[in-house]
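The values are calculated or read from the model by the stated rules, or taken from the named source; none is laboratory data. Keep in mind the model is a prediction, meaning the values are calculated, not measured. Positions of Cβ are generated from backbone atoms using ideal geometry, with glycine treated the same way; all protein chains shown enter the neighbour counts. For the accessible areas, the whole protein counts, side chains as well, though only heavy atoms, and no ligand, DNA or RNA atoms are used. Shrake-Rupley method; radii C 1.70, N 1.55, O 1.52, S 1.80 Å.
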Amino acid sequence: MDDIDAMFSDLLGEMDHLSQSLAEATVSSGEDAAPQESSFSIGFNNLNESLNELEDHDLDDLMADLESKSTDQQSSTHNDTRNPTGNETSPPAVYQESEPVVTFPMITTQSSRAVKMNEPQTKADKIKVALEKLKEAKVRKLIIKVLMSDNSSKTLMVDERQTVRDVLDTLFEKTHCENSIEWSLCETNPDLQTERAFEDHECLVEPLSAWSRLSENKLYFLSTPQKYMMFTEPQIFYMWKKKSSGDMNSQAKELLIKEHFGGSTTIVPNLEGVLYLKEDGKKVWKPRYFMLRASGIYYVPKGKTKSSTDLACFVRFEKVNVYTTSSYKQKYRAPTDFCFLLKHPCIQKESPYIKILCCEDKHTLLLWVNSIRIAKYGAVLYKNYQAAVTRASILQIPYSALISLKLNHHLTPDFFNPPSGQEYL
């Protein structure tokens with residue numbers, strides 16, 4: 001294994017094997033393991049603590065939603081009982097569960113009235129009922145703690161149907177901050193010292209469910225200026241070889257975006273250059289010439305040319321996400337602190353299946369991380385950007401209008417003091 005080219009080939013095969021193993025393990029755990037209370041909350045010691053952190057109206061909404069699910073389940077069960085022959089075709093299931101599902105028991109009209117007469121009045125009573133109903137719910141729900149840049153936090157309830165965009169809209173309402181396209185939900189992993197901003201189209205429950213049971217990971221609501229830079233400053237990525245790429249008028253930018261995102265397929269930035277590769281299990285970094293393609297990252301083997309026939313695959317994007325890192329110069333003796341890595345989202349600890357690369361400077365890191373996002377998500381990323389712009393323009397209220405609202409509706413001072421943003425890379 002002294003030959004690094006042979007090592008790349010072996011690691012690529014092992015990566016595919018690991019992905020298959022992870023998929024099998026997920027199915028197996030869903031069939032054999034009973035759902036644990038910790039699976040219902042993120043950022044709390046237990047579910048009871050997380051429910052206590054919910055605002056009263058959010059807890060009421062949760063109770064109403066869970067009661068609605070219970071009623072739907074009863075109705076469905078009753079219909080099945082009326083049609084025992086099965087002549088009618090049942091509707092297809094909308095959600096597939098990786099965890100065992102506990103069905104709701106049949107409740108008669110008399111017992112239903114009794115339940116209504118004994119509706120919980122205090123917050124403690126509501127929490128007790130919510131605990132039971134959460135364990136019975138067929139739709140996966142999580143109660144999450146989202147940290148702000150000023151060290152405050154917000155507690156939200158999300159389910160598997162909600163996208164990151166939906167959660168961002170909820171946070172805009174709760175924090176009264178400016179609805180800018182730069183805001184993101186970001187995850188941090190202290191064990192790997194990594195960060196990643198979730199994409200707006202992702203269903204938040206899915207990546208959070210990949211966190212280990214005793215994870216120290218955190219979820220942040222932060223302003224990320226580079227989030228949609230490929231659309232606000234497209235020349236940086238598609239004209240990166242030109243020194244004067246920083247100056248371009250808005251019309252030229254629109255044409256550049258249309259050229260690369262307006263067709264049937266997205267054109268990926270033709271990015272290439274020398275990056276430092278961390279050798280597996282060693283604090284040793286070797287320079288390699290890497291090239292970005294739509295399917296993944298490729299490298300030029302020793303003694304070969306940059307011809308497409310000579311390129312060797314380093315990693316494909318289908319099963320990995322890209323993460324930025326912190327303090328890798330100290331942790332792994334990296335040439336600089338401008339590193340990024342690619343890994344399967346289920347990998348939460350150090351692993352030989354993690355690919356780590358180091359850039360010369362911050363600008364090069366910006367180019368590679370965002371160009372990889374373009375290659376991985378393509379047109380979906382552009383749709384996210386368009387939706388964010390539309391949403392921001394609809395909710396953008398002139399300051400004079402806010403003053404009028406304050407006078408007419410007695411808004412609190414907090415409405416005019418949103419939390420300050422924090423640059424995130």
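Take the alpha carbon gyration tensor of the stretch 230-376, find the square roots of its eigenvalues, order them as a ≥ b ≥ c, and report rounded if a/c is under 1.5; if not, report prolate when a/b exceeds b/c, else oblate. Verdict is prolate for the stretch 230-376. Note on ASN249/ASN270: beta-carbon distance plugged into 1/(1 + (r/R0)^6) with R0 of 22 Å gives a FRET efficiency of 0.45. Would you mind checking the pairs LYS319/LYS383; LYS145/LYS258; LYS242/LYS319 and listing those with alpha carbons more than 29 angstrom apart? As for pairs spanning more than 29 Å Cα to Cα, those are LYS145/LYS258; LYS242/LYS319. In the stretch 230-376, the portion of solvent-accessible area held by carbon and sulfur atoms comes to 50 percent [1.4 Å probe, whole percent, DNA, RNA and ligands not counted]. Using R0 = 45 Å, the C-beta based FRET efficiency linking LYS174 and HIS363 works out to 0.80. Within the full protein context, the accessible area of THR170 is estimated at about 50 Å² for a probe radius of 1.4 Å.
Roughly speaking, what is the centre-to-centre gap between the stretch 150-205 and the stretch 273-298 when only Cα atoms are used, to the nearest Å? The stretch 150-205 and the stretch 273-298 have Cα centres separated by 31 Å. Remark: the stretch 230-376 carries 49 Å² of accessible area per residue (probe radius 1.4 Å; ligands, DNA and RNA excluded). Taking the Cα centre of the stretch 230-376 as origin and assigning +1 to Lys and Arg Cβ atoms and -1 to Asp and Glu Cβ atoms, the resulting dipole is close to 540 debye.
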